[in-house]
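Input: a single structure, listed below in structure tokens.
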Amino acid sequence: MNTRSSTRSISLSLIVILSGLLLLTGCSPTAEPKGIWGKLWKIEVGPDYKRPDPVPVEEFRSQIGPAESASLADLPWWGFFRDPRLQQLVAEALARNYDLKLAVARVDQARSLVWVAASPFYPQAGYQVFAGREKTFVPLENAGGNLTFNAFGALLNATWEIDIWGRIRRSTEAARANLFAQEDVRRGVMLTLVSDVATGYFRLLELDRELAIAQDSSKTYKETLDLFTQRFQFGRDSKLPVERAQAAYDSSIANIAALRRAIVQQENALSILLGVYPKDIERGIELTLQSMPNAPVGLTTDLLRRRPDIMQAEQTMIGANAEIGVAVANFFPRIGLTALYGGQSPNIGDVFDSSFSIWNIAGGFAGPLFQGGRLLESYYAQQAFWSGTIAQYKQTILVAFQEVSDALIAQQTLVDQRVALTHQVGALRESVDLSLLRYRAGRASYFEVLEAEQLLFPAEDAVAQTQRDQLLAVVDLYKALGGGWNLSDAEWNHPK
């Protein structure tokens, strides 16, 4: 067999070997080979993941009525928020918010890292091209002297680590868990964004209501000031009521300025959530006309599969468990195959045609003997991290139940609070009217009038704040229950 035929034979052998390795590994790291390779495939060191199932309570604290399967979280956000303007703001935020864009980018990054982790599962092929010139002295009799050599070469190489112990598969499992965790983070950002926009919008409506109350109070204080001034000018009263009324009026003007500043700042905060520069925010339905949706909470066990943060915590546990397998696999030898083929010649044009062909096919394994405790401590560290993820998972569940309970008790108590404050406002309005009548009739002092007015307007503010808090309690409950958990990505961004 001549040199050229031998070269073709070796090249064909290398192609067959590489093709066999590719067929053996399949199209993806999840494809299971059969036969002896299938048995080797089943070997995976490290513990298999088993969720530490918590036992949730049968019902939420402060829950009204028996548990039922229906839940507020089943509603899409556009069915939960009935204000068309608020719906528009939420849609804008989901399309433009930069925190959400960052979460999406991290999901894409995690998806790529899955394939990075899985890449060692496949044969790795590469190439090398080199050129060199060497001068050496040859001390031979009648032929000694300096000789110059040229060297040109091109090599193809292939390596493949046989994943006997499942190290690569465990590493891929951890990367895949991180991908799913980032997906849950993204959905959590979406839910938080929806609730933050609604919260900011309702706070804005409440500030509008407080501004209207402040303007009414300023008008009332001005009328009282005019009344006291008129009586002072006609000698019917001293200047003290005028000064006290002037102070009350000036205070109302200062309050109006503070509220206008707060409104602009709240609009700016909403603008940032929308992903735009600070701008005016158009309002929709007034605070006092906002509707309160029914708020069934559903079954407590459903909370574990609806809350994005709980699902994220579980994926973190899955990844930590897989990393234990990687740490265990590092104690075992790595078994692999290598193949090399190329040519070398003193003339660049003869690299592929000369008899100086280079080829190599080899198999081997290598493992650790002494690492100064690095492998063992890495294993202990991963075990500790796994224990920490379990604690974090259980803590996340406890916090979830706390948030649901807080929202439920807020809903219940705010109803009574609003009723009481509304009655208080009615009584104070009557008190203001009576005090003015008594003052004009000379039966009451200016102090009685100012006291009644100064009690009325803060009480009206308290009613407005309670109305706001009632809306926020429902928003908090929707978020705490994992609202919109059954929506697809398309439905989140494109409401029906």
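Bear in mind these aren't lab numbers, they're just calculated from the coordinates by the rules spelled out. Just so it is clear, the model here is predicted, and its values are computed rather than measured. Glycine also receives a Cβ, built like all others from the backbone with ideal geometry; neighbour counts cover every protein chain displayed.
The table that follows gives values for the structure above.
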| read-out | value |
| --- | --- |
| Residue check, ALA295 farther than 19 Å from GLU92 by Cβ and assigned to a loop (DSSP other than H, G, I, E, B) | yes |
| Within the stretch 430-465, tally of residues that are assigned to a helix (DSSP H, G or I), charged (D, E, K, R) and under 23 Å from GLU243 (Cα atoms) | 6 |
| Flag for SER405 being among the hydroxyl-bearing types (Ser, Thr, Tyr) and either free of Cβ contacts under 8 Å to residues at least 40 places away in the same chain or in contact with a Cys (Cβ under 9 Å, 6 or more places away or on another chain) (or both) | no |
| Scan of the stretch 88-117 for residues that are hydroxyl-bearing (Ser, Thr, Tyr) and within 30 Å of ILE168 (Cα to Cα), ordered by number | SER112 |
| Condition met for ILE164 (assigned to a helix (DSSP H, G or I) and touching a strand residue (DSSP E or B) at 6+ places or on another chain (Cβ under 9 Å)) | no |
| Residues that are in a helix (DSSP H, G or I), without any contact (Cβ under 8 Å) to a residue 12 or more places away in the chain and of a type in the set (A, V, I, L, M, F, W, C), drawn from the stretch 111-141 | TRP115 |
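Here is a yes/no grid of residues against (1) touching a Leu at 6+ places or on another chain (Cβ under 6 Å); (2) surrounded by 15 or more Cβ atoms within 10 Å (Cβ to Cβ); (3) more than 30 Å from ASN97 (Cα to Cα):
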{"residue": "GLN424", "(1), (2), (3)": "no, yes, yes"}
{"residue": "ASP433", "(1), (2), (3)": "no, no, yes"}
{"residue": "TYR439", "(1), (2), (3)": "no, yes, yes"}
{"residue": "LEU450", "(1), (2), (3)": "no, yes, yes"}
{"residue": "GLU453", "(1), (2), (3)": "no, yes, yes"}
{"residue": "ALA490", "(1), (2), (3)": "no, no, no"}
{"residue": "ASN493", "(1), (2), (3)": "yes, no, no"}
